[in-house]
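Remarks on the structure that follows.
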Amino acid sequence: MDAQRRYLRVLCLSALALGLVPFSATGARAQVVRVPIEGTIDRGLGPYVKRSLVEAWEAGAPFVILDINTPGGRVDAAWQIVDAVQESQVPVYAYVDRALSAGAMIALATEAIYVRPGATIGAATPVIGAEKASEKMVSAMRSEFRALAEARDLDPRIAESMVDEEIAVPGVVERGRLLTLSAEEALDVGYAKGMHDTLEELLAELGERNTAVVTMSPNWAELIVRFLTNPVVAPLLLTLGFIGLLFEVKTAGFGFGGLAGLIGLTLFFGAHLIVGLAGWEELMLIGAGLVLIGLEVFVIPGFGVAGALGILALGGGVIMSMLGRFPTFMDLGTAFTVVVAAMALTGASAYAFLRHLRWSRRLGGIFLRASTDKERGYISGDVRADLMGQVGTAATTLRPAGVGIFGDERIDVVSEGPWIEEGSPIEIIQSEGYRHVVREVKAEESD
């Protein structure tokens, strides 16, 4: 029994060292959890924040601090984080250095906002490129900010003015200017409860002086998912998938091309499925598109309705898998950009590979270089047009096939009709691949 206990203790300590067991397993005093939110907010950030809040509750943490320093990002990703904060069973506070756009929405969802000197909060109007989004999108964001402010007993007009510059707040912001609060301004209007230079000062105000802080970080799986859903990486995965399937169609059996294609498409759709962008509906649509394209290629002659519907279903499924539940025009633009980039890369790569790879010494063997058609039939030898009309000597008796000597070459020939005796002069009158037809040259013709 003692040996088993020692073995379990070693396993627990090893797991703690690797970060595989929640930090509460130490049995020590509950620790404050800090969750950094830095850089652009993307869909891979939501699962990381939600996991951190769940682990903090399981560990008995007194509260969680979202350490926010972000210029903003995807609205649907911010909504996912807001939902996780509102559903959290442990209090969540925001400690802001920079909370702009989607970051401001996340900060407003917490129990209270605390700021560092020089912090900024606001500038949350949705944009498409350099242009303001439609009134429909602006209205949705304005309502969301208003609801979050009302839930925290904050002035909702101030929250709305962060989204829409048409809203004026006397003494705070005039009409025509989008509101971004500095640290001092956030304190003056009550949006920030305190300003602290360090996290230790904030912990002291919250009643947890000298309490240990556990800083969360994305695990390897979350980092991989965020990497795979990056708008730069996504088209490369799609290109790999499409080119692999194209190679599989052009070669016999199932080989490296098909495997590479399946890996590329699995990584693309699997990552988007994990972060909540893709669902089973998108996967079914993509599957239907692949089936229709397969029928068009292997079963139905020509190109018709099945092929067109397959391409539309495949493209629609790919675009939908990158949008999520609350797509903005920017999200639509990003999705279309990814698809267009993938199509361009696929076309260029396929042209380059299929045009030049077949002549590669090492890899050209996977292609069948020779071809036949019904007019010419099968040609098994080189066409020797230069032999037409040449005169030589029958090296053997042609009965009707044999060998003729033409200059320094011994060539298999066949007589056009009667047998020809050995040593007779002969002339090539037809050359088709390996078949060379000759006739005997009479003495009067040679004269």
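What the table shows:
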quantity	calculated
Simple spin-label estimate for Thr215 and Trp57 in nanometres, 7 Å along Cα-Cβ	2.6
Solvent-accessible ranking of Thr70, Thr396, largest area first, probe 1.4 Å	Thr396, Thr70
Hz values of 3J(HN,Hα) by residue in the stretch 187-200 - Karplus curve (6.51, -1.76, 1.60), Gly and Pro given as x	5, 5, 8, x, 7, 10, 8, x, 10, 9, 6, 10, 5, 4
Contour minus Cα-Cα distance for Lys136 and Ala204 (0.36 nm per residue)	20.1 nm
Sequence-distant residues sharing a close amide H with Arg98 (under 5 Å, placed H)	Asn69, Thr70, Thr120
Extreme residue, positive dipole direction of the stretch 43-100, given options Gly73, Val54, Ser88 (C-beta unit charges)	Gly73
HN-Hα J in Hz across the stretch 158-164 - Karplus 6.51, -1.76, 1.60, θ = phi - 60°, x for Gly and Pro	5, 5, 5, 5, 6, 9, 10
Where labels lie 7 Å past Cα in the beta-carbon direction, separation of Ala348 and Arg435 in nm	4.9
Residue-span extension gain [Leu309 to Thr266] - 0.36 nm each, minus C-alpha spacing	13.3 nm
Which of Met195, Met137 is most accessible, then next, and so on - probe 1.4 Å	Met195, Met137
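The values are calculated or read from the model by the stated rules, or taken from the named source; none is laboratory data. Not measured: the values here are computed from a predicted model. Methodologically, a virtual Cβ is constructed for each residue, glycine included, from the backbone with ideal geometry; neighbour enumeration extends over all protein chains shown. Just so you know, the surface numbers come from the protein's heavy atoms only, side chains and all, with ligands and any DNA or RNA stripped out. Shrake-Rupley method; radii C 1.70, N 1.55, O 1.52, S 1.80 Å.
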